[in-house]
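For reference, the structure discussed in these notes is given below.
Just so it is clear, none of the values below were taken in a lab; they were calculated from the coordinates. These numbers come from a predicted model, not from an experiment. Virtual Cβ from ideal backbone geometry, glycine too; neighbours counted across all protein chains shown.
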Amino acid sequence: MRWRATRQKMRGFSLLEVLVAFVVLALIGTALFRLFGGAMNNAASADAWSRAVQVAQNQLAQAATVHPLSATSESGRDGDVQWTLQVEPYMPPSLEGETTQPTESLTYRLYRLQVEVRFPGVADRDRTFALETLKISQIEQGGP
C-alpha cells in the first residue's frame, strides 16, 4: 500500500503526452521559422529597392549639374544596378502642334531627364523602374 501511494505521487508524463508536446512545439517552431524567413526576404528586397532608388537619384542629380544641358544618352553600372540616362529637350504636349523650334530670342530651354534602372529581383527576374524630372537650362551658343 505504501508503494502505491509513493508511485501515484511520483507519476510523470506519459510517452503520448511527451510526443504530443513535441509535435505542437515543432509546428510552432516551423511557423516561426517561416515567418522570420519571409521577413528576411522582405528586408533584402527593400534593401535592393532602396539601393536602386539611390542610384537613380544620384544619376539624375549628376546630370542636372551639367551646364548647359544638351540632348544625350548614357548608361552604366553601379554594383548590381544597371542604369540608362536620357536627356532630351522637353516640349509640353499642349504646345507640340504650335511650335517645334525655340525662337532665337529664347535663352533657356526645358529639358527632360529620365533614368531607368534595372536590378536583380526574386527568382532571377530583373526589376525595372524609371525616374524623371524636368530641368531648365541655358541654350548652348550656336544651337537649339
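Segment Met91..Asp126, full-extension length gain: 9.4 nm, with 0.36 nm per residue of separation and the alpha-carbon distance subtracted.
With each label modelled as a point 7 angstrom along the Cα→C-beta vector, the Leu35-Asn58 pair spans 3.7 nm.
For Ser70 and Val24, calculate 0.36 nm times their separation in residues minus their Cα-Cα distance, and state this gained length in nm to one decimal.
Taking Ser70 through Val24 to full extension adds about 9.8 nm, to one decimal.
Karplus-based coupling profile of region 59-76, in residue order and whole Hz: 5, 5, 5, 5, 5, 6, 7, 6, 10, x, 6, 8, 4, 7, 9, 9, 8, x, with θ = phi - 60° in 6.51 cos²θ - 1.76 cosθ + 1.60 and x standing for Gly or Pro. Between Gly121 and Asp126, Arg127, the built amide H atoms are under 5 Å apart, and every one of these is 5 or more places off in sequence or on another chain.
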